[in-house]
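Student: Dropping a structure here in structure tokens format, bear with me for questions.
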Amino acid sequence: MSAGPERSCGACSLCCVVLRVDELAKLGGEPCRNLRAGGGCGIHERRPSICRAYHCLWLGGGLEDADRPDRLGAVLDVVALGETHRLEIREAEPGACDRSPRLRAIAERYRASMPVRISDVAAPLDPDAPFRVLLPDGEEQRVRGERVTVWRDGRQVSERRLPWLERQVRRLALAWRRRRLARRRAAA
Ligand code: SF4
Ligand code: SF4
């Protein structure tokens, strides 16, 4: 979407597909209507401010040169959560992380110091869309809807329900996004 301090996006336009852009009523996972057929932004000079400001982890210099998102098959970001951080891996296709040794290696490296959340963009408005969280102590949480299964060393060790508050916040956030999206699309 933009140019980082030392890198430029080059042929990559993956975030213009994978990420959501509220200003354009664009869902995560659907190509932006301004994306040119050969890649690149068709409204570069007047693209929304969020597009101008966005730098994925690679563009900001946080990954190796060879790890450009279109080659990895995922857009990665380190996001601040209060005083802690989390690595977000948004897969362009479900299972990208499992298929890519390089993505797995990056996830394991970051996992040593922060949680790693892996999600795909197949169903951005589905409150039950699955995601995984890799924790530094070797635990993996697989969340689908309101159920969380906990895995260690490839074995499921427990299952529980998401806390009530977390379930409500998640559903309210998605309902609000769905309404706002419908309004923006009706106005477009
Ligand atoms: S995913 Fe990163 S490198 Fe690719 S277009 Fe977006 S900001 Fe640029
Ligand atoms: S407006 Fe341009 S930079 Fe923003 S998502 Fe669309 S194609 Fe990408």
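Student: Of all residues in the range 26-60, which are under 23 Å from Arg183 (Cβ atoms), assigned to a loop (DSSP other than H, G, I, E, B), within 12 Å of ligand 2 (Cβ to nearest atom) and not aliphatic (A, V, I, L, M)?
Tutor: Gly28, Glu30, Pro31, Cys32, Arg33, Asn34, Arg47, Pro48
Student: Continuing with this model, one more query. In the list Asp126, Asp137, Asp153, Asp120, which residue meets the criterion of being within 16 Å of the chain's Cα centre (by Cα) and open to solvent by 60 Å² or more (accessible area, probe 1.4 Å)?
Tutor: The conditions single out Asp126.
Student: Restricting the search to the range 23-50, which residues are within 15 Å of the chain's Cα centre (by Cα) and either of a type in the set (Asp, Glu) or near ligand 1 (Cβ under 10 Å from one of its atoms) (or both)?
Tutor: Selection gives Glu30 alone.
Student: Out of Cys12, Cys16, report the one residue that is without any contact (Cβ under 8 Å) to a residue 60 or more places away in the chain, touching a Pro at 6+ places or on another chain (Cβ under 6 Å) and hydrophobic (A, V, I, L, M, F, W, C).
Tutor: Cys12
Student: Kindly provide the set of residues from the range 140-150 that are outside any strand (DSSP E or B) and surrounded by 15 or more Cβ atoms within 10 Å (Cβ to Cβ), ordered by number.
Tutor: Glu146
Student: Further question on the same structure: Regarding the range 8-23, can at least one residue be identified that is aliphatic (A, V, I, L, M), at pLDDT 90 or above and within 8 Å of ligand 2 (Cβ to nearest atom)?
Tutor: For the range 8-23, residues aliphatic (A, V, I, L, M), at pLDDT 90 or above and within 8 Å of ligand 2 (Cβ to nearest atom): present.
Student: Residues being open to solvent by 30 Å² or more (accessible area, probe 1.4 Å) and either in contact with a strand residue (DSSP E or B) (Cβ under 9 Å, 6 or more places away or on another chain) or more than 16 Å from ligand 2 (Cβ to nearest atom) (or both): count how many of those fall in the range 61-85.
Tutor: Qualifying residue count, the range 61-85: 13.
Student: Considering only residues that are open to solvent by 50 Å² or more (accessible area, probe 1.4 Å) and out of contact with any strand residue (DSSP E or B) (no Cβ under 9 Å at 6 or more places or on another chain), which ones fall in the range 17-54?
Tutor: Pass one, the range 17-54, residues open to solvent by 50 Å² or more (accessible area, probe 1.4 Å): 20, 23, 30-31, 33, 36-38, 44-46, 49-50, 52-53.
The answer is Glu23, Glu30, Pro31, Arg36, Ala37, Gly38, His44, Glu45, Arg46, Ser49, Arg52, Ala53.
Student: Which of the residues belonging to the range 104-117 are open to solvent by 30 Å² or more (accessible area, probe 1.4 Å) and under 22 Å from Ala173 (Cβ atoms)?
Tutor: Selection gives Pro115, Arg117.
The values are calculated or read from the model by the stated rules, or taken from the named source; none is laboratory data. Model, not experiment: these values are computed from the prediction. No Cβ is skipped: glycine too gets one built from the backbone with ideal geometry, and neighbour counts run over all protein chains shown. SASA here: full protein model, heavy atoms, side chains in, ligands and nucleic acids out. Shrake-Rupley method; radii C 1.70, N 1.55, O 1.52, S 1.80 Å.
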